[in-house]
Amino acid sequence: MQWLLKVLSLAIVCCAVRAQGPCQAGCKCNATHLVCAAAALPGGKLTRAALNHHGDKLQHISWKDSQITVLEIDLFTGLHDLEYIDLSRNEIKRTEHGLFARLTLLTRLNISRNEIDDIPRFTFADLENLTVLDVSHNRLRAIPFQVFGPMGKLQYLDISHNQIASFLDYYFSPNRQLKQLFLNNNNLVKITSNALVNLKELEVLDVSSNKLDYIPKSLFDNFDQLRWLNLSFNYIQNLTQESLRNLKTLRWLNLGGNRLRALPPTLFQYNEYLETIYLERTEISVIQNTNFKGLAKLQRLYIRNNEFLREIEPFAFQDTPSITHLDISANVMTFLPLSLKGLDQLQELRIGNNPWACDCRMAWFASWADRRKEIIKSELSCRNSYPNDMLTILNHTNCKAPKLVSSSPLTLYTLRTNALLECKFAGNPSPSLTWITPTRNIFHWNPDSQTPDIFHKHGIAHDQYYRNIDLSKSRVRVLEDGSLLVADIHREDCGTYLCFASNPSANVTAEVILNIDPMTMFEIKMYSLLCGAICAAAFLGLTFLVQALRFIFYRFRLMETCCSCCGCVSRTQPRSRQITSMLDNIEQYKRQQLEKLRENYAVQVHRIKENCTQQMDWIQNSYSTQASHLRNIRDIGTNHLTSMKDNYYDQVKRVREYSTCQLNWVRENYVFQRNKIRKFSAHQVLRLRESYKYQQQTLNKVLENLPSLYFENCRSGSCGHSDSMAFDPDVEVIDMYLKTKIEKLAHLPTLGGDDESKMSVYYTPTERSINSRRSSPVPLPEGIHINMIERDPPRLYALIRPLQMSPPHSEQSTPYEPEPSCSGTKPGSPTREAYQTERADQAKPSSEPLLGRERAAYDRSRRRYHLPASASSPELTASADVYERDATHERARVLLAVELTKPACQVRHKAGQFVCGECVALCETTPL
């Protein structure tokens, strides 16, 4: 194609040349054209003096076959109208800087077939309008990076027949209008994936006759207009499935002369416009059925001179109905594919120089060739036979389709025995057999191993997924005569066995049924039912026995009796179990909050990633759109593109920083919320413990300050055991449980520091939230009260002395708190005698509960003074009416723990208990 352009240009020049003025010997010239061939120059040097007498209006200079070795640096000085220069077929060794300076109108330059070994970087600096450049057939080993960059309008570039070893990334990036590129016959060992980037207008690419051993994955991704591609005579061994995916306009392709051993199954599925393919002199052994999928418009296919190609699968040409020229000569094929009959548009067929077997596999070809003799352009000869005698041999093959002769009759077999299934067919040639078992296992048998059948690629035995079966471990196998032996029959072996017979003429299928004796099946069912009934009865009896033992142990409390010595029975009081349940509920609440935080974290991360992806896609689309507009800009294109790239990188950096910031924010928020929950749980545990201690102290103080009437029981040995047992839980067990919970909370793993608080989409209760228990997302169970302590607990004197109450209307006043004293009383404090008198007036029967009288007195005093009740102390609010409870809850926003002051005249007994001073003498001889 490139030489056609040169010949046409030369013809036009020769027709336009007319005799005008003196010309050198061997030259033809006029005012604008100078054509010289074999015109010798002194010393082989072309100088400016040789062109002076032709004037400065020359537009066309052609000086070929003249053994020119040197070009003067100012050879073209002043010739600003030059449009065409041809210095090919000389012996030029080098070009210099400035040789083609200021030739802004030059469109074609040919310096091919010289001995040039170097092209300086700025040789083509001023050739901005050059469209055709030919530097082929020189001795170039390397050329400067983007040396062709100044030629923005270059459309034809020929660098073939040199010694260039590689092209790196973005080598031809400035030459966006390039349409034809010839890199063939070099020493190329590597072309990087981005070497040919931005060549979207490229239509012809030739990289043949090099040393390339692979094609980069994305080398052809940008070739939207490529129509002609030559990859022949390289060292390519493999092509990927996606190698030609983006070449949707490809028309002509040559893969010959490579070391390809196989083609990917659907290599050409995206090249629907491909019309010509060359696959010659390769190492391919088999053309698969799907290799030509998608080539509905293929017209010329040349698969020749492949010394390893032995087979084209039967249906390979079903996807290429438009083939007009097919050449499969000079291979090692033994039979033709059956799909050749479907090529109705075939105009030329060449199948010579193949060792055709001429057996029943090609019997169909005789009748087909008789009808279409005019398209066969090669000799039709069989292997080791007389030349051109194929059709005569095929007409006398005497092929017969398989016919069923006999098969195994219907027989009943017993389990654990052997069965022999037979299926015999007659035909010419002898048909091969394929057995398909009820479990979808497949076994093949071929009577003639020298002639492969249609299943020769499947192996002898395999399952339905083509996984091979180990015959040494299989109970089913095929014998030498084709019959199937089923050893040690199991239940899964019964069913229908398919016997598939095939030869090149036809296929036949027969069925053989293997049934198990019904009596055997009946016995198996009976034994199964009996075994199942025995197992069910045994299980039922065992269940009854276990339940009976369990009932006896719990009914007669044998477990408590047996385990009392080892302490395995839990003695935890109801109050302790309540606290344990409360802590478990707090733990569950914490887990739920953490789970919600994790979900929130995952959602935020997903949104950030989607936002980042959308931003990147938008930026990339914007960048691509603006870059496409820059192709039409000549003067400011480079500066604008650079600013666009900077803007693109800046936006990408901002998006990344924004994504990183968002991820850090979500992570810190997640850590903050989790730490808040931990703090909240720890505070709740501590407050529960403090509340429990306050209440325990309250009960102890009440018991210690009871009147002497109740200490008479101390002399009988029942003091502190019978009446107070309900108020004496195991404090050590509770303390140990609380310490364990606190230690677990303290050792939880931490993702990061809690440096600063951040807002969250979930509400997180804190120690300062008054309504945290009411507005919590996870409500606490009924009966569980959490005391929130925000100020010192008030002193309670209701049970040991008269209360000093503030007026009901002044809620902000501080209650009067007298100091305890053992030696005397303060003004306003009741004496011991007055207290006993009041107790005597309010006496109740002795059968009343221990705190009954005190409770009634407290209720009366509370109604009298309108004492606000604590929401967390049900013992003090049991008898309040509805109106007072509502008013109390309206005023009491903070839950208070109750604490007793040290009572007056309290002395520690030698037994360890606190008693009133007056009771010490009574209990000296009686243990508390």
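The values are calculated or read from the model by the stated rules, or taken from the named source; none is laboratory data. The model shown is predicted, which means the values in this text are computed figures rather than measured ones. In this analysis, Cβ positions are derived from the backbone assuming ideal geometry, glycine residues included, and neighbour counts consider all displayed protein chains. Each accessible area value is taken on the protein alone, full model and side chains, heavy atoms only, with ligands, DNA and RNA left out. Shrake-Rupley method; radii C 1.70, N 1.55, O 1.52, S 1.80 Å.
Length gained on full extension, K653 to K377, computed as 0.36 nm times the residue gap minus the Cα-Cα distance: 92.8 nm.
The fraction of accessible area contributed by carbon and sulfur in segment 258-397 is 43 percent, rounded to a whole number (1.4 Å probe; ligands and nucleic acids excluded). Specify whether the C-alpha gyration tensor of segment 400-516 places it in the rounded, prolate or oblate class, a ≥ b ≥ c being the square roots of the eigenvalues: rounded for a/c under 1.5, otherwise prolate if a/b is larger than b/c and oblate if not. The shape class here is oblate. In this Cβ point-charge picture (+1 for Lys and Arg, -1 for Asp and Glu), segment 31-211 has a dipole of about 280 debye about its Cα centre. The listed peptides 135-143, 187-195, ordered by packing as a protection proxy, come out as 135-143, 187-195 (highest mean of other Cβ atoms within 10 Å first).
When both segment 424-493 and segment 283-344 are represented by their alpha-carbon centers, they are found 30 Å apart. Projecting label points 7 angstrom from Cα along Cα→Cβ for I436 and K596 puts them 6.0 nm apart.
Give the value in nm², to one decimal: projected area of the alpha carbon convex hull of segment 465-557, averaged over all directions.
The number I arrive at for segment 465-557 is 12.0 nm².
In vacuo Debye scattering of segment 258-397, one point per C-alpha: log10 I(q)/I(0) at q = 0.16, 0.18, 0.19 Å⁻¹? So the normalised log intensities work out to -0.81, -1.03, -1.15.
FRET efficiency for the L530 to N507 pair, using the beta carbon distance and R₀ = 60 Å, is estimated at 0.75.
In segment 358-403, Cα pairs under 8 Å separated by at least six residues give a relative contact order of 47 percent.
Taking 0.36 nm per residue of separation and subtracting the current Cα-Cα distance, fully stretching the chain between S367 and K457 would add 29.5 nm. Residues whose amide H lies under 5 Å from that of W356, counting only those 5 or more places away or on a different chain, are R383; hydrogens are built 1.01 Å from N in the peptide plane.
Over segment 187-308, what is the relative contact order in whole percent, taking alpha-carbon pairs under 8 Å and six or more residues apart?
19 percent
Taking every protein chain into account, the accessible area of segment 258-397 amounts to 44 square angstrom per residue (probe 1.4 Å). Take 319-327, 345-353 and order them by the average number of nearby Cβ atoms within 10 Å per residue, most first; the result is 319-327, 345-353.
Between L412 and D448, the FRET efficiency estimated from the beta carbon spacing at R0 = 30 angstrom works out to 0.25.
Could you give the distance between the Cα centres of segment 391-406 and segment 204-226, to the whole Å? Result: 50 Å between the Cα centres.
FRET efficiency for the A49 to D117 pair, using the beta carbon distance and R₀ = 25 Å, is estimated at 0.40.
For segment 31-211, what is the Kirkwood estimate of the hydrodynamic radius, computed as the reciprocal of the mean inverse distance between distinct Cα atoms, to one decimal in Å?
Result for segment 31-211, one decimal place: 16.7 Å.
Solvent-accessible area assigned to carbon and sulfur over segment 400-516 amounts to 51 percent, based on a 1.4 Å probe.
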